[in-house]
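What follows is a single structure, written as structure tokens, with notes after it.
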Amino acid sequence: MAASTDAMAVNNPQSGLQALGSAQNFLSRMSSQQKMVLMVAVSAIIALAAGGWMWNQAPDYKVLFSNVSDRDGGAIIASLQKMNVPYKFAEGGGVILVPANDVHDTRLKLASEGLPKGGLVGFELMENQKFGTSQFLEQVNFQRALEGELARSIQAVAAISGARVHLAMAKQSVFMREQQKPSASVLVNLYPGRALDPQQVNAIVHLVSSSVPNLPVKNVTVVDQHGSLLSKTDEANPGTGLDPNQLKYLQALEQSYVKRIEAILIPIVGIENVRAQVAADVDFAHSEQMDEIYKPNQDPVKSTLRSQQTSESSTSGQGEGGVPGALSNQPPSPATAPLTVAGAAPPPNQLPVPGAVPGATDAAQAAKAAVPTNTRKDATTNYEVDKTIQHVRKPVGGIKRLSVAVVVNHRKVTDEKGLVSSQPLNEAEKAQITDLVKEAMGFNRDRGDSLNVVNSPFTDMERETVPDLPLWQQPETIELAKQVVKTVLIGALILYLVLGVLRPMLKRMNQPADPSPAALVENKEDKVLRPTPVQKQTPQLSHHDQNLAMARQLAKDDPRMVAGVVKHWVAGHE
């Protein structure tokens, strides 16, 4: 519209000059008070229009940084003021908001300035070492830097908003017996409604233990902002507590069996006509067994020979012997005493000769008995003994027993009239379902598994009907009503200023002055009274004074016309 008006003004310069002249003439006829009122009204209209547009075009603010310290917050605000970025505060100044379109750009610019610092110092502390720093101060600075770096790493966990790490580093000694292990304490500040599971706590403990030399895991303590000890250890009775991993495994195992059973029965009975529950007895005991079994040799022929030892000694006979010389070559002298005595027992070392007559002497038998015959034979045989060494380690998480319960809804039957009724399953169908469940769960009678399949009608669940919100209570309607009210309010104010202030003022400015009696002349042709052209009004006189002066002047110049005017007035009032 403005472009078309400008084009018309350019194409028709005479009309533009006339409009400008009329505007100047209009302003020249206004008093200073009227000009001031006009300026105030126009300014108010412009301000209302601009405010309404800005109200409807308010930027959407998003979070720039949250949970910032006072020092970082002051530095961030100073940087935002330098960059001319609008900002707001929320949650007591802990959250800084900026327009959504400037969030990422502002973060990158602040990151280039090293903001926010987070109140923690890391290894950048070692970059500002002063000349002449002692070894003790260097060690303290290194420990502070290590604590800051560990705190920054721990804060990277999603559930942790802040962390502090304290290290107790013992002085190193050249003697191994006097060396002490370092220890660490970690204080974590969690977000509201968040918690750390045992796996995350163990991860923090191992992170700290791996970052500090010679720091054992048992010397790391983790505490939250409420003073609760998170890194609990049971050194006296290890493994006596419940392991969350075992509970998760048990739940996952039971759910897997439930899904397998329902997946095989749903195509037969329908998706809403079967329910299954599984209770698994799982063995989480760590057990190892080592057996060393010795068995006797059943078959000596097939047995393995280990060692064999044989020793033989034999003496067949012995000739004349004795000391070489004359005595050994002489025959034996006759006996002076009888060799045997009747009724006397033989000496203990002399046994009777078999076949000899008691009391008789036989030279042949005596000679035979005197000849020695020694025979000896020893044999030792060793066999390997059967030995079985068995080392058995039972796996953790083995299933000891399964208990399964399955409920199947009655079958729905539609008769000829279209009525739907429920009927129980027959025995063949129940047996078929039982067999399918046994195959799906891996039924093992020797393991003690149990299965119970029940066919029962299901009770229809009463679904809660949420009444529909009326149109005037719906969030979309309320938001639309707010926008309409804002627009109507702004439009009403602007319309009131235009129609209630500017329009009456313009009417009063454009309304011609009331014709005075002296200024009226009678047109003899059309009998219409018209005001005669008058001289230019004197700006020093008021409107009433000007009319009075004009009437007096006309009365002096043409008394007959004045008399006619008065006569016309009198005739009109009759």
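The values are calculated or read from the model by the stated rules, or taken from the named source; none is laboratory data. Source: prediction; values computed, not measured. Cβ atoms come from the backbone with ideal geometry, glycine included; neighbour counts cover every protein chain shown. Areas reflect the complete protein model, heavy atoms only, side chains present, ligands, DNA and RNA absent. Shrake-Rupley method; radii C 1.70, N 1.55, O 1.52, S 1.80 Å.
Suppose the filter is open to solvent by less than 60 Å² (accessible area, probe 1.4 Å), at pLDDT below 85, closer than 30 Å to Arg503 by Cβ and aliphatic (A, V, I, L, M); does Ala44 pass it? Break it down into steps so the answer makes sense when it comes.
On the way: open to solvent by less than 60 Å² (accessible area, probe 1.4 Å): yes; at pLDDT below 85: yes; closer than 30 Å to Arg503 by Cβ: yes; aliphatic (A, V, I, L, M): yes.
Spelling it out, Ala44 is indeed open to solvent by less than 60 Å² (accessible area, probe 1.4 Å), at pLDDT below 85, closer than 30 Å to Arg503 by Cβ and aliphatic (A, V, I, L, M).
Among Asp60, Asp70, which is the only one that is modelled with pLDDT under 85, farther than 30 Å from Leu495 by Cα and surrounded by fewer than 12 Cβ atoms within 10 Å (Cβ to Cβ)?
Values: Asp60 fails: farther than 30 Å from Leu495 by Cα.
Only one candidate qualifies: Asp70.
Go through the residues of segment 130-147 one by one and say whether even a single one is at pLDDT 80 or above, hydrophobic (A, V, I, L, M, F, W, C) and surrounded by 15 or more Cβ atoms within 10 Å (Cβ to Cβ).
The answer is yes; a qualifying residue exists.
For segment 68-112, name all the residues that are farther than 23 Å from Tyr191 by Cβ and basic (Lys, Arg).
Scanning segment 68-112 gives Lys82, Lys109.
Being outside any strand (DSSP E or B), touching a strand residue (DSSP E or B) at 6+ places or on another chain (Cβ under 9 Å) and either open to solvent by less than 40 Å² (accessible area, probe 1.4 Å) or over 10 Å from Asn189 (Cβ atoms) (or both) is the filter here, so list the residues in segment 150-161 that pass it.
Of segment 150-161, the ones outside any strand (DSSP E or B) are 150-159.
Right, trim to touching a strand residue (DSSP E or B) at 6+ places or on another chain (Cβ under 9 Å) and you get 150-155, 157, 159.
Residues satisfying the conditions are Leu150, Ala151, Arg152, Ser153, Ile154, Val157, Ala159.
Restricting to segment 165-188, give me the number of residues that are modelled with pLDDT of 90 or more and not aliphatic (A, V, I, L, M).
The qualifying residues number 4.
Answer yes or no: is there a residue in segment 196-216 that is open to solvent by 70 Å² or more (accessible area, probe 1.4 Å), in a loop (DSSP other than H, G, I, E, B) and more than 27 Å from Ser69 (Cα to Cα).
Checked segment 196-216: at least one residue is open to solvent by 70 Å² or more (accessible area, probe 1.4 Å), in a loop (DSSP other than H, G, I, E, B) and more than 27 Å from Ser69 (Cα to Cα).
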